[in-house]
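What follows is a short report on a single structure.
The values are calculated or read from the model by the stated rules, or taken from the named source; none is laboratory data. All values reported here derive from a predicted model rather than from experimental measurement. Positions of Cβ are generated from backbone atoms using ideal geometry, with glycine treated the same way; all protein chains shown enter the neighbour counts. All accessible areas refer to the heavy atoms of the entire protein, side chains included, with ligands and DNA or RNA removed. Shrake-Rupley method; radii C 1.70, N 1.55, O 1.52, S 1.80 Å.
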Amino acid sequence: MNIVTSLNLPKWRGYLELMRPANIVTAWADILVGFAASGCGVIFTQLINGEATADGLIPLAWLLLATTGLYGGGIVFNDVYDAELDQQERPSRPIPSGRVSRDNAALLGMILFAIAIFAAAQVCSLSVTIAIFITFAALLYDSLGKHHPFFGPLNMGVCRGGNLLLGVSALPAMVGERWYLALIPVLYIAAITAISQGEVHGGKRITGVIALILIAIVLTAVLSLGFFAEYTVIAALPFAALLAVRVLPNFIQAAREPVPEKIRNAVKVGVLSLIILDATIAAGFTGLAYGLLVLILLPISMSFAKMFAVT
């Protein structure tokens, strides 16, 4: 039998679509910036200089696997809970189209969450605690949070903020010192989630304006971190400029004309640009080279975005 036929690629593609591969790559960036903020980012420089071994990256590998399961599981259950609604609004999604059954999708989500918790447990007790918290926060968002105009965006932002702290937990003692970093993705994701509520039927201008204000606060925050930690603003500045150029025009268009097409485009750009936001913070903590390392994830995520849906 031909191996391509035996793999039944259309069926496997349905499962991959459920997991939103492009979005998972953005979750990796959260872990990398948390790893940098914990002080562990210097391991990369030490490796290059022959001053350390790859063993120092083992916790990072486990945390990257953990976030893959957490984000994948969360987004799969999003479609599980939305199955009836998607039958009307997004019939091409894997579950309403019949390519993946709702029961199999739920099983996939549970497996991904289990992998995430197992992987986090290989790092430390704090890592697994954060992973369990994110699991429940994601399920809360999928089942209830996303239907609330205020708590929905806040709920999703908490998931991403927790994901950044999961990266910091590579050095558990630093979580207490760097907790405030979680507020940045909370605000950024809150902006994206708020404006995304008009993806299907269109939104309100006031929502777009609020989202713009939140983005402006985020940009100010990433350039103000030097007041709270050892943070090089000059290294972060080029990445912050790139973030502004990429995100602001799309959000302004969506705010001016809140029609579904412009809103979906703003959401897609906003989600993928999470990598730029993370690269900005990472560069400030660990230097330009580390920021560029995080930024490399952007073309990878954009490539996946051409093959699989982001929203």
Fill in the blank from the handout: Heavy-atom accessible area per residue of the chain, all protein chains kept, 1.4 Å probe, expressed in Å², is 45
Completion exercise
Quick calc, Tyr180 & Leu292: beta-carbon distance into FRET formula, R0 22 Å, rounding 0.05, result 0.35
Exercise for the section: Loop sites only, by DSSP: take the GluC sites (Glu not before Pro) in the chain that have at most 10 other C-beta atoms within 10 Å and name the longest stretch containing none of them. Expected result: 52-229
Exercise for the section: Please work out which option in (i) 72, 65, 37; (ii) 54, 52, 35; (iii) 54, 44, 38 gives Cα extents along the principal axes in Å calculated from these coordinates, and answer with its label. Expected result: (ii)
Handout entry: Sequence-distant lysines (8 or more away, or on other chains) whose Cα lies within less than 22 Å of Lys204
Key = Lys146, Lys262, Lys268
Exercise for the section: Might you report the magnitude of the Cβ-based charge dipole of the chain about its Cα centre, with Lys and Arg at +1 and Asp and Glu at -1, to the nearest 20 debye? Expected result: 700
Completion exercise
The longest stretch of the chain containing none of the chymotrypsin sites (Phe, Trp or Tyr not before Pro) that sit in a DSSP loop with at most 13 other Cβ atoms within 10 Å is 1-149
Practice task
Please arrange Val100, Val209 by accessible surface area, largest first, computed with a 1.4 Å probe and ligands excluded.
Solution key: Val209, Val100
Problem - Among Val100, Ala279, Gln88 the positive-end extreme of the charge dipole of the chain (Cβ point charges) - result: Gln88
Exercise for the section: Using a Gaussian network model of the chain whose springs link C-alpha atoms within less than 10 Å, name the residue from Gly109, Gly287, Gly39 with the highest mean-square fluctuation. Expected result: Gly39
Handout entry: Highest-MSF residue in the chain out of Leu181, Leu165, Leu293 [GNM, Cα springs under 10 Å]
Key = Leu293
Exercise for the section: Equivalent ellipsoid semi-axes for region 13-63, as square roots of 5 times the alpha carbon gyration tensor eigenvalues: give them largest first, rounded to whole Å. Expected result: 29, 12, 8
Fill in the blank from the handout: Expressed as a whole-number percentage, the relative contact order of region 192-311 with C-alpha contacts under 8 angstrom and at least six residues apart is 30
Problem - Nearest-0.05 FRET efficiency for Thr53 and Ala83, computed from C-beta distance (R0 35 Å) - result: 0.15
Exercise for the section: Name the residue, out of Ile130, Ile48, Ile31, whose mean-square fluctuation peaks in a Gaussian network model built on the chain with Cα pairs under 10 Å. Expected result: Ile48
Handout entry: Gain in span if fully extended, Thr220 to Arg13, counting 0.36 nm per residue against the direct Cα distance
Key = 70.5 nm
Exercise for the section: Using a/c under 1.5 as the rounded threshold, could you call region 185-311 rounded, prolate or oblate? The axes a ≥ b ≥ c are square roots of the C-alpha gyration tensor eigenvalues, and prolate needs a/b larger than b/c, oblate otherwise. Expected result: oblate
Practice task
Note down the net charge around Phe285, summing +1 for each Lys or Arg and -1 for each Asp or Glu among other residues with Cβ under 14 Å from its Cβ.
Solution key: -3
